Amino acid sequence: MDKVALRYLLRERRALISPESHGLSRPTRQGRRAPGLSQAQVDQLLHRAPDTYGRLESGRYPNPPVDLLEDVARLLGMNEHEWVALWRYALGQDPPHPLHAHAGEAVPGTWRLALDGISHMAYVSDRSWNMLAYNEPFTGLFPDRRVPSNIMRWMAVEPEARSVLRHWETAWAPLVLPQLRAAIAADPEDPTLCGIEKEVLDDPSAARVYESASAYVHPDGGERPVRHALHGPGWVTLCAAQPMTAPRARLLILPFHPGERRPCGRPAPLRAHG
């Protein structure tokens, strides 16, 4: 537990919530000058015993329960990045799930500017693989330059993908479809993912791979063979990242290497020296 960081995080967020916005009056007792909700008001709004929140903010609450952290984070209007910080400061670990049900459905619009500044093929998708934004080089991968609205569905069941993604059944499907399965396990009510799963199970080739899917393999750093619509056969390196405020959304940067054969050698891992 990092008591100092926890106190600063909670105090700063609490100061931004006006009592009036919850139908409460601002305390007027002598010595009460701090803005925002009082600690007692937080307990009142969360229907907790007196000093429950005070113990949390001061670091006197070892191993606070998940439901308390969730209630506090929602009351104080935390975003996903602050939710992660709360867990790390209070419990020394990352949270088991996002705070908000719709987390990962939207990313800041500034990511479009970032994509436009990347020379390699690149795109941003939401947690269900719906395409949110992509750059001009990425359109060149597709025969008609039409980027699919859902990249997972395209990779899993679209006939066009099986010509663009060379050796689809051995090089792509065994690594793509376990990602779908893992996403559904994490969010079984997602209608987009469930719809893709149904199409996969209706496709004999995809279903065969999906039903025997191995452990989830993250694509970051992998190399896959493709047939680029403009540059012919080659390989893409999958560089994957996640916007910090959008859990399960993803940024993919895809450097392209022309040629039938896999590029020789991999760059050394990046490590700080000294």
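Every read-out reported here was derived from the displayed coordinates using simple, explicitly stated rules and does not represent laboratory data. Keep in mind that what you see is a predicted model, and the values were worked out from it rather than measured. Cβ: placed from backbone, ideal geometry, glycine included. Neighbour counts: every protein chain shown.
Between S25 and H81, the contour length at 0.36 nm per residue exceeds the Cα-Cα span by 17.1 nm.
For the options H218, H120, H228, a Gaussian network treatment of the chain with springs between C-alpha atoms closer than 10 Å singles out H218 as fluctuating the most. The HN-Hα couplings worked out from phi for the stretch 265-274 by the Karplus form 6.51 cos²θ - 1.76 cosθ + 1.60 (θ = phi - 60°) are x, 10, x, 5, x, 7, 9, 6, 8, x Hz, whole numbers, x standing for Gly and Pro. Given [x] 1, 6, 12, 15, 16, 15, 11, 9, 6, 5, 3, 1, 0, 0, 0; [y] 1, 5, 10, 13, 13, 12, 10, 9, 7, 7, 6, 4, 2, 1, 0, 0; [z] 1, 6, 12, 17, 19, 18, 14, 9, 4, 1, 0 as candidate values of P(r) over Cα pairs in 5 Å bins from 0, in percent, which corresponds to the one derived from the coordinates? Only one listed value fits the structure, namely [y].
Give me the extension gain from E158 to H231: residue separation times 0.36 nm, minus the current Cα-Cα distance, reported in nm with one decimal. Before the final figure, lay out each step's value.
Working: separation 73, 0.36 × 73 = 26.28 nm, distance 2.12 nm.
Result: 24.2 nm gained on full extension.
Scalar couplings 3J(HN,Hα) for the stretch 42-54, obtained by applying the Karplus form with A = 6.51, B = -1.76, C = 1.60 to θ = phi - 60°, are 4, 4, 5, 5, 8, 6, 10, 5, x, 6, 4, 5, x Hz; x denotes Gly and Pro. Computed over neighbours whose Cβ is under 14 Å from that of P263, the net charge equals +2, Lys and Arg +1, Asp and Glu -1.
The label point for H97 and the one for A182, both projected 7 Å from the Cα toward the Cβ, are 1.9 nm apart.
Here the label points at D2 and R146, each 7 Å from Cα along the C-beta direction, are separated by 4.9 nm in the simple model. Under a 5 Å amide H cut-off, with hydrogens placed 1.01 Å from N, I17 pairs with L37 among residues at least 5 apart or on other chains. Couplings 3J(HN,Hα) for the stretch 120-134, derived from phi with the Karplus relation 6.51 cos²θ - 1.76 cosθ + 1.60 (θ = phi - 60°), are 6, 4, 7, 8, 10, 10, 7, 5, 9, 6, 5, 6, 9, 6, 8 Hz, where x marks Gly and Pro. When only alpha carbons are used to place a centre, the stretch 45-113 and the stretch 124-173 end up 35 Å from one another.
What is the dipole size for the chain, taken about its Cα centre, with +1 at each Lys and Arg Cβ and -1 at each Asp and Glu Cβ, in debye to the nearest 20? Please list the in-between numbers first.
Values: 32 positive and 31 negative charges, 210 e Å.
For the chain, the charge dipole is close to 1020 debye.
The residue among S163, P247, G140 whose Cα reaches farthest toward the positive pole of the charge dipole of the chain, with charges on the beta-carbon of Lys, Arg, Asp and Glu, is P247. With contributions of -39500 (n - 2.57) from each DSSP H run of at least four residues, the per-residue ellipticity at 222 nm computed over the chain stands at -11000 deg cm²/dmol.
Please give the contour-minus-distance gain from A240 to D67: 0.36 nm per residue of separation, less the Cα-Cα distance, rounded to one decimal in nm.
Working: separation 173, 0.36 × 173 = 62.28 nm, distance 3.18 nm.
Computed gain between A240 and D67 is 59.1 nm.
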